[in-house]
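Presented below is the structure to which this report refers.
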Amino acid sequence: MDFGIGSVTAITAICYLGGMACKATTKVKDEVIPVVCGLTGGILGVAGMYLMPEFPATDVINAAAIGIVSGLAATGAHQVIKQASKK
């Protein structure tokens, strides 16, 4: 079974960039960034289902769920990087 890991990684990277953009502005509270990443991931997941031939979902609900998890993984990746850089 092919999981389309490249497309999921792309969603995570785009959501990570969006989260960093939110972090750079003072208008967005830190508590809202995971929600922004999750929503962005959900939207990109549905778009990916229609635009990427190797996308691992064939229906809208699963595509949105994959996108949301990928978006939330971006916030987790940020925390891993943040914790690893602390000395």
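Residue by residue through the range 1-59, note down the ones that are within 15 Å of Gly76 (Cβ to Cβ) and in contact with an Asp or Glu (Cβ under 8 Å, 6 or more places away or on another chain).
Lys23 - this is the single residue of the range 1-59 that is within 15 Å of Gly76 (Cβ to Cβ) and in contact with an Asp or Glu (Cβ under 8 Å, 6 or more places away or on another chain).
Residues in the range 33-53: is at least one of a type in the set (S, T, N, Q) and within 18 Å of Ile5 (Cβ to Cβ)?
No, the conditions are met nowhere in the range 33-53.
Hey, can you tell me all the residues within the range 33-74 that are among the hydroxyl-bearing types (Ser, Thr, Tyr) and either in contact with a Phe, Trp or Tyr (Cβ under 8 Å, 6 or more places away or on another chain) or without any contact (Cβ under 8 Å) to a residue 24 or more places away in the chain (or both)?
Tyr50, Thr58
Where a number appears in this text, it was derived from the coordinates with a stated rule and is not lab data. Predicted model only: the values in this text are computed from it and were never measured. Don't worry about glycine lacking a Cβ; one is built from the backbone with ideal geometry, like all the others, and counts go over all protein chains shown.
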